[in-house]
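One structure is given below, encoded as structure tokens.
Just so it is clear, none of the values below were taken in a lab; they were calculated from the coordinates. On a predicted model such as this, the values are computed, not experimentally measured, just so you know. Please note: Cβ atoms are built from the backbone with ideal geometry, for glycine as well, and neighbour counts cover all protein chains shown.
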Amino acid sequence: MRAVFLRKEPEITASEFCVEKVITLTAEEYAAFTQNLMHDYDFIREHVNLMCEKDGVWHCLLVTSEDMEEGILVESEGSSYARYSAFVPSVKGLIEQYQTMQETQDAAMEMIM
């Protein structure tokens, strides 16, 4: 398991967030992404309209790999790179929450139609 360590931070500041979309990359793509967060990516550009900070909640993408437990939360603020990012050591719960949200939205859309 991995973690991000910060040096001599005066406090831990956590923010509320909402996963708007899960992006699953191959292991090679994920490794390249995590080592080059400032590069432009099509998968970020394609979902730029889902990301924003509104009323203290960060609406973001969760970028992960098909064989990893970890992931990166991304809010691009209109860009095609990870302008804001947060490391998440375990994404299982977030993915389950996202899938439940998607199922609820799909069921609501079926009722409307």
- Taking GluC sites (Glu not before Pro) that fall in a DSSP loop and have at most 13 other Cβ atoms within 10 Å as cut points, what is the longest piece of the chain between them? 78-113
- Query: Where the centroid of each part is defined by its Cα atoms, how far is segment 51-90 from segment 1-36 in Å?
  - Reply: 7 Å
- Task: Could you tally the net charge around residue 105, taking each other residue with its Cβ under 14 Å from the Cβ of residue 105, Lys/Arg +1 and Asp/Glu -1?
- Result: -3
- Karplus ³J(HN,Hα) for segment 78-86 (6.51 cos²θ - 1.76 cosθ + 1.60, θ = phi - 60°; Hz, whole; x = Gly/Pro) runs x, 9, 9, 10, 7, 4, 10, 8, 9
- Item | Cα point-scatterer Debye curve for the chain, base-10 log of I(q)/I(0) at q = 0.13, 0.20 Å⁻¹ | -0.53, -1.17
- Rounded to the nearest 5, the percent of DSSP beta bridges in segment 16-112 running antiparallel is 55 percent
- Inter-probe distance in nm under a simple model that places probes 7 Å from Cα toward Cβ, at residue 83 and residue 16: 2.2 nm
- Note on the structure: Counting only DSSP loop positions in segment 1-99, the trypsin sites (Lys or Arg not before Pro) whose Cβ has at most 10 other Cβ atoms within 10 Å are 2, 7, 8
